[in-house]
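The block underneath contains the structure these notes are about, expressed in structure tokens.
The values are calculated or read from the model by the stated rules, or taken from the named source; none is laboratory data. Just so it is clear, the model here is predicted, and its values are computed rather than measured. Here the Cβ positions follow ideal geometry from the backbone for every residue, glycine too, while neighbour counts run over all protein chains shown. Remember, those area values only see protein heavy atoms, side chains included, never the ligands or the DNA or RNA. Shrake-Rupley method; radii C 1.70, N 1.55, O 1.52, S 1.80 Å.
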Amino acid sequence: MKKAVVIFSGGQDSTTCLIKALSEFDEVHCITFDYNQRHKEEISVSCNITKELGVTFHKIMNIELLNELTVSSLTRDNIKVTNETKENKFPTSFVPGRNILFLTLAGIYAYQINAETIITGVCETDFSGYPDCRNEFIKSMEKSLQLGMDKTIKIEAPLMYLTKAETWGLAEKYNKLDFIKEKTLTCYNGIISDGCGECPACILRKKGFDSFIKNKV
Ligand code: ZN
């Protein structure tokens, strides 16, 4: 039996990964991390999505410690979410070590349920320049999990080299374009579907959607 663990936030990217995984694996487990993030609605949105898609296994993991340890616009309400980098190399929304932690916990979970694959929606293209979204990091993390647990666990990142427009194309391929457009939450201000329209995540999502529609006609 082929089992996969999907790191699932209820956003466009991880929902697209989940839909793809449901068509490819016999058993799909979702993990959603609760770190008291700025967009707390992620938790309820992700639960609604897994329910609608008929996902049997959905675990919410509490990792509030991450919030305590890091200062980022995603973990602090008083820091504005921007793509500006200022004196720091990274956008204010960068949470250091987030994907290292997510993948480590997903790896432990995968080990326990004997799943051979972890799926993450991280993407090098079109993105805010987070170092833990790069393929080089994913490959290195995969190697670390394999060495550290002496188990063959693969990390799949199917969106790694896709543009946002191509990710919308993938949603259409699985006949879930409307579902993803209406049910997912990408907005940093916690507004479902098209969102607030003003934060960097909404702007990126809309730009990708417009380009997807334009390329279709
Ligand atoms: Zn927004």
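Of the residues making up segment 23-55, those that are in contact with a helix residue (DSSP H, G or I) (Cβ under 9 Å, 6 or more places away or on another chain) and surrounded by fewer than 18 Cβ atoms within 10 Å (Cβ to Cβ) number 7.
Look at (1) open to solvent by 40 Å² or more (accessible area, probe 1.4 Å); (2) part of a helix (DSSP H, G or I); (3) away from the ligand (no atom under 16 Å from the Cβ) and you find that residue 207 fails only one, number (3). Taken over segment 110-132, the residue count meeting the criterion of being touching a helix residue (DSSP H, G or I) at 6+ places or on another chain (Cβ under 7 Å) and assigned to a helix (DSSP H, G or I) is 3. Residues that are near the ligand (Cβ under 9 Å from one of its atoms) and not in a loop (DSSP other than H, G, I, E, B) were ranked within segment 169-204; the one that is surrounded by the most Cβ atoms within 10 Å (Cβ to Cβ) is 201.
The set of residues in segment 134-168 being of a type in the set (Phe, Trp, Tyr) and in a helix (DSSP H, G or I) consists of 137, 168. Considering segment 82-106, the residues that are surrounded by fewer than 18 Cβ atoms within 10 Å (Cβ to Cβ) and among the polar types (S, T, N, Q) include one that is modelled with the highest pLDDT, namely 104.
Residues of segment 56-73 being in contact with a Phe, Trp or Tyr (Cβ under 7 Å, 6 or more places away or on another chain) and either among the aliphatic types (A, V, I, L, M) or open to solvent by less than 40 Å² (accessible area, probe 1.4 Å) (or both), which ones? Passing the criteria: 61, 63, 66, 67, 72.
Taking the numbered list (1) surrounded by fewer than 17 Cβ atoms within 10 Å (Cβ to Cβ); (2) farther than 13 Å from residue 7 by Cβ; (3) at pLDDT 80 or above in turn, residue 79 passes all entries but (3).
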